[in-house]
Amino acid sequence: MTLTNDSFTDGFYDSVGTLESLQESAIAYLCSDPTLKLVKLDDQEYREGQITYRSRNKETEMMLDATLHAIDEKMSSQQHYTILSIGCGIGIFEKPFLKKLLSLNKTIHFVGVDPNKKECLKLKEWCREVSAEKSSKFSFNIYPVGFDTFEYTQNFDIILFINSLYYFSEIEPSICKSNQLLREGGMIIVGINPKKKLLNKPYYYINQRLYIKPKWFAEDIEKLLIESNILFRKETMEFPVNIKECFIKESQVGKQLLDFIVGANTAYFSPLQLRLLLDYFGTCAQKIEGGEIMIPHSIILFFIEKERVSA
């Protein structure tokens, strides 16, 4: 029997789908293994892993470009921005974002909200330095509280949820509250990963065991916005993550990266469990000429605009 091009193509994609299904089954089995000891990362371990992870991909840069483009389209003529960042942390996204707006000679009042007091102190120190240098252009307030207890009388032009909604116990009240804080003509920008990507599968399954409530992902945000009749547009950005160091034995940087990707301290995994995990990532990734091991990933930005009410 002679295969046609169409039947060959169909067979190829069927085999790819089967491989992905087998990969997912294997990682689901590993993560459900009762002997797999799962230990949460402490704040320092999490932050070190996050910084390492961000340095191995272009996610932040791509989000920054897309966010600045959206703001330029919507409010380029505006000279003063009030900006609220919810879950600001140490400002991995916020610092380059604010620097870029200041370089465009914009005047900014920035408000950061995050329950992590240590990280708020670090961001506050950075903000003090910027304010001292550009006192007429930059002012700020940093609040070390959860968004549910945050109170503010001023409305904002831009509200950011950049890689922060994963950790909220509920997302609907947060979206509703941020919409109330948004001025007419303003924009809410949500940056969040989809859970269906291969890189996120171990994290998704492990967090189902570690936490009572699972983490939220892009699919959950989109479902909420549609059900709430909130108009939005979304932009998906694809990028590879270099996980080469995860495969280098005794590499502390590699361990930081792997821990952050899976959301748990892999020092407590048995050698076999660690090997199964690395085999999963190895089959999902591609090794390129320079020796880098690249695994595909993506981030989704949701842009929610509050239209002006006609008089």
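The values are calculated or read from the model by the stated rules, or taken from the named source; none is laboratory data. On a predicted model such as this, the values are computed, not experimentally measured, just so you know. Virtual Cβ from ideal backbone geometry, glycine too; neighbours counted across all protein chains shown. Each accessible area value is taken on the protein alone, full model and side chains, heavy atoms only, with ligands, DNA and RNA left out. Shrake-Rupley method; radii C 1.70, N 1.55, O 1.52, S 1.80 Å.
Below is a table of values for the structure above.
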{"quantity": "Interatomic Cα distance distribution for the stretch 132-249, bins of 10 angstrom, percent", "calculated": "10, 35, 31, 18, 6, 0"}
{"quantity": "Those trypsin sites (Lys or Arg not before Pro) in the stretch 231-262 that DSSP places in a loop and that have at most 10 other beta carbons within 10 Å", "calculated": "249"}
{"quantity": "GluC sites (Glu not before Pro), loop per DSSP, at most 13 other Cβ atoms within 10 Å - longest free stretch of the chain", "calculated": "1-150"}
{"quantity": "Residues in the stretch 207-240 that a label on residue 73 would reach, taking backbone N under 20 Å of a point 7 Å out along Cα→Cβ", "calculated": "222, 225-226, 230-239"}
{"quantity": "Å² of accessible area per residue within the chain, as computed with a 1.4 Å probe and no ligands counted", "calculated": "52"}
{"quantity": "Overall form of the stretch 207-267 per C-alpha gyration tensor (a/c, 1.5; a/b vs b/c)", "calculated": "oblate"}
{"quantity": "Alpha-carbon gyration tensor eigenvalues x 5, square-rooted, for the stretch 95-159, Å", "calculated": "21, 15, 10"}
{"quantity": "Solution diffusion estimate, µm²/s, Stokes-Einstein, the stretch 24-86, Kirkwood Rh from C-alpha pairs, 25 °C, viscosity 0.890 mPa s", "calculated": "153"}
{"quantity": "Mean residue ellipticity (222 nm) of the chain, computed from DSSP H runs ≥ 4 via -39,500 (n - 2.57), nearest 500", "calculated": "-14500 deg cm²/dmol"}
{"quantity": "Most positive-pole-ward Cα, 169, 116, 139, against dipole of the stretch 101-184 from beta carbon charges", "calculated": "139"}
{"quantity": "Nearest-20 debye value, the stretch 18-133 charge dipole, Cβ charges on Lys, Arg, Asp, Glu", "calculated": "400"}
{"quantity": "Share of carbon and sulfur in the accessible heavy-atom surface of the chain [1.4 Å probe, %]", "calculated": "53"}
{"quantity": "Virtual spin-label span in nm between residue 252 and residue 132, 7 Å along Cα→Cβ", "calculated": "3.0"}
{"quantity": "Inverse of mean 1/r across different Cα pairs in the chain, Kirkwood, Å", "calculated": "21.3"}
{"quantity": "Two-site label geometry, residue 267 and residue 227: point separation in nm, points 7 Å out along Cα→Cβ", "calculated": "4.0"}
{"quantity": "Choice from 182, 165, 276 showing the highest fluctuation, given a GNM over the chain with Cα pairs closer than 10 Å", "calculated": "276"}
